[in-house]
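Reviewing the structure listed below.
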Amino acid sequence: MVTRRESIGAHYGLSDWLMQRITGVVITLYVLLLLGILLFKPGMDLQGWSELFGRTAFRLVTFAALVSVFLHAWVGMRNILMDYAKPTSVRLALQTIVICALIAYSGWTIQVLWGGT
């Protein structure tokens, strides 16, 4: 007789797997974009980078890439903490610290990309 195995836990498996893959693709595409810029516009100076980041489209692409990095980091850190931080109180405290740091990094990203000079 075949018995069905009950899974225990938060059931994040498929969504975590999909999040890691999608954010990994976004990060890879952004790195390829930067490499393409460096290859086709060699010797870019501060003025060139300022013009590039002055474009709203490039700022949005950069923001999407950095949000992807933050989401990618969250899934990885949450999985690590779920595996290795056994006392629930310690795990929740560490997860809270990670979440607060990632939110702060997101705010900092917005400030860097759209803040005044």
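The values are calculated or read from the model by the stated rules, or taken from the named source; none is laboratory data. A quick note: this is a predicted structure, and the numbers were derived from the prediction, not measured. Here the Cβ positions follow ideal geometry from the backbone for every residue, glycine too, while neighbour counts run over all protein chains shown.
Test SER50 against the criterion of being at pLDDT below 95, closer than 16 Å to LEU113 by Cα and in a helix (DSSP H, G or I), and give yes or no.
Here the answer is yes, as SER50 does meet what is asked.
Can you find, within the stretch 65-96, the residue that is farthest from TRP17 (Cα to Cα) among those that are among the hydroxyl-bearing types (Ser, Thr, Tyr) and free of Cβ contacts under 8 Å to residues at least 12 places away in the same chain?
SER89
On the basis of being touching a residue at least 12 places away in the same chain (Cβ under 8 Å) and either among the acidic types (Asp, Glu) or surrounded by 13 or more Cβ atoms within 10 Å (Cβ to Cβ) (or both), does PHE58 make the cut?
Criteria not met by PHE58.
Kindly evaluate VAL67 against the criterion of being more than 18 Å from GLY115 (Cβ to Cβ), modelled with pLDDT of 95 or more and either of a type in the set (Val, Ile, Thr) or part of a helix (DSSP H, G or I) (or both).
no
Of all residues in the stretch 3-38 being polar (S, T, N, Q) and at pLDDT below 90, which is surrounded by the most Cβ atoms within 10 Å (Cβ to Cβ)? Before you say what the answer is, go through the steps one by one.
Taking the stretch 3-38 as the starting set, the residues that turn out to be polar (S, T, N, Q) are 3, 7, 15, 20, 23, 28.
Among the residues that remain, those that are also at pLDDT below 90 are: 3, 7, 15.
Numbers: THR3: 5, SER7: 8, SER15: 10.
Among those that are polar (S, T, N, Q) and at pLDDT below 90, it is SER15.
Condition (residue is part of a loop (DSSP other than H, G, I, E, B), closer than 25 Å to ILE103 by Cβ and not aliphatic (A, V, I, L, M)) applied to the stretch 18-27: is it met by at least one residue?
There is no residue in the stretch 18-27 that is part of a loop (DSSP other than H, G, I, E, B), closer than 25 Å to ILE103 by Cβ and not aliphatic (A, V, I, L, M).
Residue pairs, Cβ under 7 Å, 6 or more apart or interchain, first in the stretch 97-109 and closer than 19 Å to ARG59 by Cβ, second of a type in the set (Val, Ile, Thr). List them.
SER106/VAL67
Out of all the residues in the stretch 37-76, which are of a type in the set (A, V, I, L, M, F, W, C) and over 20 Å from VAL25 (Cβ atoms)?
Matches in the stretch 37-76: LEU38, LEU39, PHE40, MET44, LEU46, TRP49, LEU52, PHE53.
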